[in-house]
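Colleague: Take a look at this one; I'll ask things after.
The values are calculated or read from the model by the stated rules, or taken from the named source; none is laboratory data. These numbers were taken from a predicted model, which means no experiment stands behind them. Counting neighbours? That spans all protein chains shown, and the Cβs are built from the backbone with ideal geometry, glycine included. To get the accessible areas, we keep the full protein, side chains included, count just its heavy atoms, and leave off ligands, DNA and RNA. Shrake-Rupley method; radii C 1.70, N 1.55, O 1.52, S 1.80 Å.
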2 protein chains.
Amino acid sequence: MDVECTCSALRMAARRLSQAYDAALAPEKLSVSQYAVLSNLAKREAEGPPSMGELAERLGLDRTTLTHNLRPLARDGLVALVADPLDGRSRRVTLTPDGWAKRRRCQPLWRAAQDHFDRSFGTEPSRALRDSLAAIARHAEGTAAPVPEKD
Amino acid sequence: MDVECTCSALRMAARRLSQAYDAALAPEKLSVSQYAVLSNLAKREAEGPPSMGELAERLGLDRTTLTHNLRPLARDGLVALVADPLDGRSRRVTLTPDGWAKRRRCQPLWRAAQDHFDRSFGTEPSRALRDSLAAIARHAEGTAAPVPEKD
DNA sequence: TCGATAAGGGTGCATACACACCTAAAGGCG
DNA sequence: CGCCTTTAGGTGTGTATGCACCCTTATCGA
């Protein structure tokens with residue numbers, strides 16, 4: 001694996017690790033991607049239900065990707081989209097009771113996967129890695145589009 | 001971005017960085033994922049055309065994912081699948097002349113993206129990151145499936 | 001030689017992801 | 001108030017990804 005492309009290395013690692021986490025969450029038939037949505041909504045419940053745009057921002061997802069990703073979750077009754085009474089354009093995303101229950105059941109499964117990774121990779125290196133990855137996600141934010149430059 | 005899930009952090013970083021690399025490759029209408037395929041085939045040409053399974057292994061991809069991913073490349077005439085004369089089951093993947101040309105045109109675009117990343121993240125940290133990611137990809141290899149355990 | 005098993009691949013399906021483009025509602029201004 | 005611009009989202013399309021399941025060809029033992 002003499003991958004010299006950082007992006008490809010990142011994608012490869014993400015694929016592999018996703019498979020491990022997905023396997024851990026398999027008993028609840030939830031993907032790590034879906035777990036991330038439920039978990040984010042749960043952890044930041046105190047701030048009130050986020051709009052689509054806010055949630056997409058938090059998850060580092062394209063706004064339209066979130067629209068697509070929420071479809072199976074809404075179909076299964078884990079999340080619900082409610083119209084904002086103050087802004088007819090905005091739709092706020094909430095966890096349903098089933099969504100809360102699912103998240104509670106999945107958390108130990110996720111924890112097991114995370115612990116398993118930390119044990120083999122090292123807890124401290126793992127934390128450092130997350131920091132690096134967060135920095136990349138934050139920094140590459142505007143890198144893709146070199147500013148439209150209208151006129 | 002207080003992501004505590006290593007897998008989600010990895011996926012998020014991969015999404016963002018992919019957007020940056022994709023933007024760099026946009027003039028040639030090639031994704032970084034597709035570039036990785038062409039580049040891998042080109043760099044290891046001396047070993048002779050790999051079978052589907054071998055190439056999937058190299059790329060850290062599921063075998064069936066590679067089947068799907070090769071479709072647009074084959075459609076556009078960048079790669080070709082040739083039957084193995086010694087094994088009727090095996091199909092070997094080769095770069096076509098167009099594939100070679102495309103790879104040559106894309107290389108400087110990829111290089112620019114990689115250099116841009118290295119400048120902001122640091123060349124040495126970048127190399128260390130690739131090593132860590134390669135280790136994760138290699139190690140998480142069998143983690144997902146805990147061995148079938150037949151009977 | 002033949003039948004069972006293993007190995008190499010492909011298909012169908014569902015989710016994940018983002019871009020181009022569209023719609024509708026909100027805000028601002030004459 | 002009516003018009004224009006901005007803003008929040010959705011849709012359609014195409015690639016990316018992997019699992020369950022299927023087919024075909026090798027391989028090997030009786």
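Colleague: Taking the Cα centre of each part, how many Å lie between region A:82-112 and region B:24-93?
Modeller: Rounded to whole Å, the Cα centres lie 40 Å apart.
Colleague: Could you calculate, for the protein assembly as shown, the ratio of the Cα radius of gyration to the Kirkwood radius, expressed as Rg to Rh?
Modeller: Radius of gyration over Kirkwood radius for the protein assembly as shown works out to 0.99.
Colleague: Tell me which B residue has its C-beta closest to the axis rotating B onto A, and the distance in Å?
Modeller: Result for the axis mapping B onto A: B:ALA14, 2.
Colleague: List nothing, just return the count: lysine pairs in the protein assembly as shown, 8 or more apart or interchain, with Cα separation under 29 Å.
Modeller: Number of lysine pairs found: 8.
Colleague: Take A:VAL82, B:VAL93 and sort them by solvent-accessible surface of the protein heavy atoms, 1.4 Å probe, largest at the top.
Modeller: A:VAL82, B:VAL93
Colleague: How big is the accessible area of B:ARG16 in square angstrom, nearest 10, if you roll a 1.4 angstrom probe over the protein chains?
Modeller: Counting only protein heavy atoms, the figure is 30 Å².
Colleague: Sticking with this structure for a sec: Which residue, A:LEU86, A:LEU25, A:LEU59, tops the fluctuation ranking in a GNM of chain A built on C-alpha contacts under 10 Å?
Modeller: Top of the fluctuation ranking is A:LEU86.
Colleague: Hey, another quick one. To one decimal in nm, how far is B:ASP118 from the same spot in the other copies, if labels go 7 Å from Cα toward Cβ? Please give the shortest first.
Modeller: 3.5
Colleague: With a 1.4 Å probe and every protein chain kept in, tell me what percent of the accessible surface of the protein assembly as shown is carbon plus sulfur.
Modeller: Solvent-exposed carbon and sulfur of the protein assembly as shown make up 53 percent of the total.
Colleague: Let me ask something else. For chain B, what does the helix formula give at 222 nm: sum of -39500 (n - 2.57) over DSSP H segments with n ≥ 4, over the residue count, nearest 500 deg cm²/dmol?
Modeller: Helices in chain B give a 222 nm mean residue ellipticity of -22000 deg cm²/dmol.
Colleague: In Å², nearest 100, what accessible area do chains B and A bury in total when the solvent probe is 1.4 Å?
Modeller: 4800 Å²
Colleague: Continuing with this model, one more query. With every protein chain left in place and a probe of 1.4 Å, what is the accessible surface of B:TYR21, to the nearest 10 Å²?
Modeller: It works out to around 0 Å².
Colleague: Ok, one more. Please report, for B:TRP100, the nm distances (one decimal) from its label point, 7 Å out from Cα along the beta-carbon direction, to the equivalent points in the remaining copies, shortest first.
Modeller: 6.5
Colleague: Using a label position 7 Å from Cα in the Cα→Cβ direction, what is the ascending list of nm distances from B:ARG44 to the same site in the other copies?
Modeller: 4.1
Colleague: Report, as an integer, the average count of C-beta atoms from other chains found within 10 Å of each Cβ along B:117-129.
Modeller: For peptide B:117-129, the averaged partner shielding equals 3.
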